[in-house]
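What follows is a set of notes on a single structure, which appears directly below.
Bear in mind that the values in this text are calculations on the coordinates, not laboratory data. It should be emphasised that the depicted structure is a prediction, and the values quoted were computed from it without experimental measurement. Glycine gets a Cβ as well: all are built from the backbone with ideal geometry, and neighbour counts include every protein chain shown.
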Amino acid sequence: MKSVKTTAVVLLTGAVLVLGACATGEEAANRERIRLSSEVTTVTVEHKGTGLGIDQLPIWITAYMNSGASGVEALSEYKDVYAIVAEENGTALQPLLTWVNNFNAQQQIGATINTRIASLFQANESMLPNTDEAVRSYNNAINTLVSTSYTGARKDSDWWIKQRIEERNKETETRYRAMVLYTIPKTVLNEQIAQQLKQLAEGNPELDEAFNSITTQLLQKGLDSDPNPAAAAAPAPAADTN
């Protein structure tokens with residue numbers, strides 16, 4: 001019996017040592033992460049509003065960086081529109097201003113539709129006939145919706161910011177970042193998508209039923225909010241200026 005107790009003590013002691021080592025390793029890793037993150041300093045040098053004495057970012061930028069396009073649409077002034085946001089980085093300002101002025105929202109609208117309408121199609125897949133042809137037509141419908149040109153989008157706002165990136169043992173980097181916001185009324189885009197779905201009807205009762213169900217849900221509730229693409233991106237730049 002004594003030997004059994006001794007063995008238990010040894011095992012318990014070993015487990016404590018292992019857990020202690022794991023905890024110590026984890027703490028060390030956390031310290032390392034904190035140390036590394038503190039070595040990079042981002043300083044806002046200038047932004048679009050500097051010359052006007054503006055010291056805060058537009059609220060739509062903060063909303064987008066925190067929650068994606070759905071964050072913008074949650075703001076009271078954007079509750080009736082779909083938000084289409086794009087951003088670009090560069091080492092010089094003028095090319096970014098040219099990008100902002102020449103930005104074509106159509107491709108971004110297609111990407112937005114591709115992301116948001118997928119859940120509606122998935123929710124109605126059970127209505128499909130169990131044939132390869134039906135599945136192919138169903139998937140092609142999404143491609144058609146994405147590639148279609150839609151009207152009604154307008155440029156709402158744009159912003160640029162100049163940042164200085166300082167990191168130990170590296171040359172200081174200057175970076176410009178531009179963002180542009182387009183909006184399109186939800187009712188306008190929903191109706192255009194519904195019309196496209198109507199044209200995709202092929203006379204197959206089950207397939208057409210699925211399209212009709214998607215159209216009904218679309219007109220009643222609109223497109224689902226997009227997943228948050230910006231949540232994993234860099235945090236919104238500080239608005240203070242030097």
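Work through the residues other than residue 135 whose Cβ is under 14 Å from its Cβ and net out their charges, Lys, Arg +1 and Asp, Glu -1.
-4
Subtract the Cα-Cα distance of residue 151 and residue 136 from 0.36 nm times their separation in residues, and report this length gain in nm to one decimal.
Fully extending the segment from residue 151 to residue 136 adds 2.6 nm.
For the stretch 143-213, just say rounded, prolate or oblate: build the C-alpha gyration tensor, square-root its eigenvalues into a ≥ b ≥ c, call rounded for a/c under 1.5, and beyond that prolate if a/b exceeds b/c, oblate if not.
It comes out prolate by the Cα gyration axes.
Points 7 angstrom from Cα along the Cβ direction at residue 143 and residue 123: gap in nanometres?
2.6 nm
Which shape class, rounded, prolate or oblate, goes with the stretch 41-221 when its Cα gyration tensor gives a ≥ b ≥ c as root eigenvalues, a/c under 1.5 marks rounded, and past that a/b bigger than b/c marks prolate?
It comes out prolate by the Cα gyration axes.
Between residue 54 and residue 111, what length comes free when the chain is fully extended (0.36 nm per residue of separation minus the Cα-Cα distance, one decimal in nm)?
That works out to 17.3 nm of additional length.
Structure shown: which of 48/186; 155/186; 155/221; 79/155; 79/162 lie over 26 Å apart, alpha-carbon to alpha-carbon?
Violating the 26 Å Cα-Cα cut-off are 48/186; 79/162.
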